[in-house]
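**Q** Before I ask anything, here is the structure I am working with.
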Amino acid sequence: MKIAVTAASGKLGAAIIQELLALQPKEEVIGLARTPEKAAHLGVEVRPGDYNHLEKLEQSLEGVEVLLLVSGMDAPDKRIPQHRNVIQAAQKCGVKKIVYTSIQGPEEQTAFSPIVKSNRQTEQDVMASGLEWVIGRNGIYIEPDVEYIDSYIQEGGIRNCAGDSKCGYTTRTELAHAYAKMLTEDGHHAKIYNLHGSAITQDELAAYLNAAFDAQLTYTAISAEQFKQERIAELGEFIDTVVTGIYQGIHGGDFDNESHYREATGREHQSWEAYFHSVRPEIN
């Protein structure tokens, strides 16, 4: 059974391929990438996978039975036709099953909502494809908060507009495990899974970071407008607007959902105690 993973040069796509290699012979795993050379290190066959090029996608999906469609990173209005190209190519080439990496989040009233709505449209397109399908709705990656630890320490704490609401965070490693299961196992057809660990507040996030990095961070809730203005200089207006929308969604409870991680994988999501212990720097 040949399984293809799009966006193989990205962090999530690469992680999923590594999980698949623990379950499948490498000859049965194919990576698709817009620039195949960037995924050459994965140790599997890599084919062209630019979402904008329908004919090349059709060539690259020849012989593939199961396809993972990783949601694109382009603007929302461009993502929908790009994803449709992948779905159309899969239909033409006889792909039997498609798994889509979607997202949780607010569908209205935040700057993140257009991205969520574009993903919901692709979910509908996948369901209407006539193929066997499974959809995962990812929680928020927690890795960026770990990668930002030096800045948090320099700034004296965490400041955003999430308030005291909880967020269902996850990690790329845990997502990769879930998608590998969804790709290789029967029994997931027509299921939509929320994929995240235990939901936590920003105060709890600060406490976990403090324990892992021996820091003294505190959390300060600020308004969405204040958060946006503080971040524009660092991230640029477009990215900052999206990030602000995510934290507005957290504040509104849109990321505090029931997790289906056990249903998707057969085990619980990694605990945050275990995760933060794993990222704790070694002390010589």
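The values are calculated or read from the model by the stated rules, or taken from the named source; none is laboratory data. As the structure is a computational prediction, the values presented were derived from the model and not from experiment. Ideal geometry is used to build each Cβ from the backbone, glycine not excepted, and the neighbour counts take in all protein chains shown. Side chains are part of the model used for accessible areas, which takes the heavy atoms of the whole protein and leaves out ligands, DNA and RNA. Shrake-Rupley method; radii C 1.70, N 1.55, O 1.52, S 1.80 Å.
**Q** What's the number of the only condition in (1) outside any helix (DSSP H, G or I); (2) more than 22 Å from the chain's Cα centre (by Cα); (3) of a type outside the set (Phe, Trp, Tyr) that Gln91 fails to meet?
**A** Checking Gln91 against (1) outside any helix (DSSP H, G or I); (2) more than 22 Å from the chain's Cα centre (by Cα); (3) of a type outside the set (Phe, Trp, Tyr), the one that fails is (1).
**Q** Search the stretch 13-58 for residues being hydrophobic (A, V, I, L, M, F, W, C) and either in contact (Cβ under 8 Å) with a residue 40 or more places away in the chain or out of contact with any strand residue (DSSP E or B) (no Cβ under 9 Å at 6 or more places or on another chain) (or both), and hand back the single one that is nearest to Val95 (Cα to Cα).
**A** Initial filter on the stretch 13-58 (hydrophobic (A, V, I, L, M, F, W, C)): 14-17, 20-23, 29-30, 32-33, 39-40, 42, 44, 46, 54, 57.
Filter again for either in contact (Cβ under 8 Å) with a residue 40 or more places away in the chain or out of contact with any strand residue (DSSP E or B) (no Cβ under 9 Å at 6 or more places or on another chain) (or both), leaving 15-16, 20, 22-23, 54.
Working: Ala15: 22, Ile16: 19, Leu20: 18, Ala22: 22, Leu23: 20, Leu54: 15 Å.
Among them, the one singled out is Leu54.
**Q** Let me ask something additional. What is the residue count in the stretch 44-74 for residues that are outside any loop (DSSP other than H, G, I, E, B) and among the polar types (S, T, N, Q)?
**A** Number of matching residues: 2.
**Q** Which one is most open to solvent (accessible area, probe 1.4 Å), of the residues in the stretch 111-135 that are in a strand (DSSP E or B) and in contact with a helix residue (DSSP H, G or I) (Cβ under 6 Å, 6 or more places away or on another chain)?
**A** Ranking the qualifying residues of the stretch 111-135, first place goes to Trp133.
Okay, residues lined up against (1) among the charged types (D, E, K, R); (2) at pLDDT 95 or above; (3) in contact with a His (Cβ under 6 Å, 6 or more places away or on another chain):
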residue: Glu19; (1), (2), (3): yes, yes, yes
residue: Val29; (1), (2), (3): no, yes, no
residue: Leu32; (1), (2), (3): no, yes, no
residue: Pro36; (1), (2), (3): no, yes, no
residue: Asp50; (1), (2), (3): yes, yes, no
residue: Ser60; (1), (2), (3): no, yes, no
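**Q** Only one residue in Glu225, Glu174 is closer than 18 Å to His277 by Cβ, outside any loop (DSSP other than H, G, I, E, B) and not hydroxyl-bearing (Ser, Thr, Tyr), so which one is that?
**A** Details: Glu225 fails: closer than 18 Å to His277 by Cβ.
Unique residue meeting the criteria: Glu174.
**Q** Okay, next question. Just to be sure I understand, how many residues within the stretch 163-194 are among the basic types (Lys, Arg) and over 14 Å from Ile98 (Cα atoms)?
**A** Taking the stretch 163-194 and keeping what is among the basic types (Lys, Arg), we get 166, 172, 181, 191.
From the residues that got through so far, the ones that are over 14 Å from Ile98 (Cα atoms) too are 166, 172.
Of the residues in that region, 2 qualify.
**Q** Which condition number does Asp186 fail, the rest of (1) touching a helix residue (DSSP H, G or I) at 6+ places or on another chain (Cβ under 6 Å); (2) not in a helix (DSSP H, G or I) being met?
**A** Evaluating Asp186 over (1) touching a helix residue (DSSP H, G or I) at 6+ places or on another chain (Cβ under 6 Å); (2) not in a helix (DSSP H, G or I) leaves (1) as the failure.
**Q** Is it true that some residue in the stretch 40-60 is buried (at least 21 other Cβ atoms within 10 Å of the Cβ) and within 17 Å of the chain's Cα centre (by Cα)?
**A** no
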